[in-house]
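This report concerns only the one structure given below.
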Amino acid sequence: MRKKFFLITVLIIAAFIASCGRKGDLIIPGTVLPKPVTGLSVDLKSAAVILSWTAPDKNTRDDPLTDLAGFLVLRADAPAGGTGCPCAFQKAGYVDLEYPRDAAINGRKVVWADRTGIFGGRYVYRVIPMNKDGFYGQAAQTLPVDFLMPPEKISNLAAFAGNMTALLSWSIPTKDEGGRAMNDLAGYNVYRHEQGAKTKTKINARPVKENKFTDSGLVNRETYCYSVTALRGKEPPLTEGDYSEETCVTPAKTQAPPPPGGLRAVGGEEMVFLSWEPSFEPDVAGYNIYRKAAGEGFKRLNAALVGRITYTDKDVKPGVKYTYYVTAVDNAVPPNESAPSKKKMAIPQAEPPGLK
């Protein structure tokens, strides 16, 4: 009976040989292991395969995971044209949570870069959590990744200011970083950031297909800086090139308001009374009044903007013909002034005798 019991025990243990445990170890049924990582994703940038994932916070008993030590990263050559395995995985790296070295860890988020691949290779990655007893949990696996030479850096990036907008344009790249012709350009990413900043924020949800982009909803008179990268590849994840040189722009309103309408000029006793229709542009700050007499050019009468829709010109001489026009001015910096209104002429009268 003892021999029979021993044989059954060995067979049970052998049935649980770890594909997820420490290599060569036997996993006894009921051993508590880390659950798999989640959110495993791949980016191809700066001549590296960048893996990111979220560390598990539970073990296989659904208890809080308190003994997580790190992650084993495995890499295998993927079958050409296929999406599945079997694959011969080999160790590509290890992320030690206590001494992460070349990994970036922010809370449960982990980012690790593989810079040992060969351009033109097609790889599959596995990430396996490991506890402090040296046992591995379940693996999370990527789809095949085509490791391509990145596109060349974008050149001739230019930015033009608009009203609450920035209009960007750049040259179309035709080669990869190695100088070879590239026929799989997939689009571009646009990044916005502070001047000289290392941290850049991508502002396009999908690859930009044309070599131009309009960034809207900006604040006028604030400066925005941009960089652009090129993307290549037939399917995601796409390979991203290096950042272009940055260019900065300060959005501003450059379109002037329409000119005022309905100008009237009425000559009175040693004065001319002007009135006009208000501008309904919401950013009009006021109006300028222009006048000329015979043989003179137009001159502005007001030192500061007129905030009303009337104006009385008392610096006139009776019997002299004066011509007037009015412009609208907005509150942009610098301000935009409208075209002249229609011109109106008036002749002031002399004050009746006996009233002086």
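Looking at segment 276-285, which of the residues that are crowded, with 17+ Cβ neighbours inside 10 Å and at pLDDT 90 or above is nearest to TYR322 (Cα to Cα)? Spell out the reasoning first.
Quick first cut of segment 276-285, residues crowded, with 17+ Cβ neighbours inside 10 Å only: 276, 279, 284.
Going one step further and asking which of them are at pLDDT 90 or above, we end up with 276, 284.
Details: TRP276: 17, VAL284: 27 Å.
Residue satisfying both the conditions and the ranking: TRP276.
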(request) Quick one: count up the residues across segment 223-242 that are over 19 Å from SER169 (Cβ atoms) and out of contact with any Ser or Thr (no Cβ under 7 Å at 6 or more places or on another chain). (result) 6
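Somewhere in segment 123-144, is a residue in contact (Cβ under 8 Å) with a residue 12 or more places away in the chain, charged (D, E, K, R) and more than 22 Å from ALA55 (Cα to Cα)? Give the steps one after another, and end with the answer.
As a first pass, look at segment 123-144 and keep what is in contact (Cβ under 8 Å) with a residue 12 or more places away in the chain: 123-144.
Okay, now just the ones that are also charged (D, E, K, R), so 126, 132-133.
Retained after the next criterion (residues that are more than 22 Å from ALA55 (Cα to Cα)): none.
Within segment 123-144 (the criterion being in contact (Cβ under 8 Å) with a residue 12 or more places away in the chain, charged (D, E, K, R) and more than 22 Å from ALA55 (Cα to Cα)), the answer is no, since none of the residues qualifies.
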(request) Consider ARG308 carefully, then state whether it is within 16 Å of the chain's Cα centre (by Cα), free of Cβ contacts under 8 Å to residues at least 40 places away in the same chain and in a loop (DSSP other than H, G, I, E, B). (result) no
(message) Give all pairs with beta carbons closer than 6 Å in which a residue from segment 237-252 that is in contact (Cβ under 8 Å) with a residue 60 or more places away in the chain and in a strand (DSSP E or B) meets a residue that is surrounded by fewer than 22 Cβ atoms within 10 Å (Cβ to Cβ) and β-branched (Val, Ile, Thr); count only pairs at least 6 apart in sequence or on separate chains.
(response) CYS248/THR223
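Go through segment 100-121 and give me each residue that's closer than 20 Å to PRO36 by Cβ and out of contact with any strand residue (DSSP E or B) (no Cβ under 7 Å at 6 or more places or on another chain). Quick ask: steps written out before the conclusion?
Narrowing segment 100-121 to residues closer than 20 Å to PRO36 by Cβ: 100, 103, 105-112, 114.
Passing the criteria: PRO100, ILE105, ASN106, GLY107.
Condition check ((1) part of a strand (DSSP E or B); (2) basic (Lys, Arg); (3) free of Cβ contacts under 8 Å to residues at least 12 places away in the same chain; (4) over 18 Å from GLY261 (Cβ atoms)) across all residues:
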position	(1), (2), (3), (4)
PHE280	no, no, yes, no
ARG291	yes, yes, no, yes
GLY295	no, no, yes, yes
THR312	yes, no, no, yes
ASP315	no, no, no, yes
PRO318	no, no, no, yes
ALA339	no, no, no, no
(request) Name, by its number, the condition in (1) assigned to a loop (DSSP other than H, G, I, E, B); (2) at pLDDT 95 or above that does not hold for MET130. (result) (1)
(request) Go through (1) touching a Ser or Thr at 6+ places or on another chain (Cβ under 8 Å); (2) surrounded by 13 or more Cβ atoms within 10 Å (Cβ to Cβ); (3) modelled with pLDDT under 95; (4) of a type in the set (Lys, Arg) one by one and return the number of the condition ARG264 breaks. (result) (3)
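The values are calculated or read from the model by the stated rules, or taken from the named source; none is laboratory data. Owing to the predicted nature of the structure, the values given are computational and were not obtained by experimental measurement. In this analysis, Cβ positions are derived from the backbone assuming ideal geometry, glycine residues included, and neighbour counts consider all displayed protein chains.
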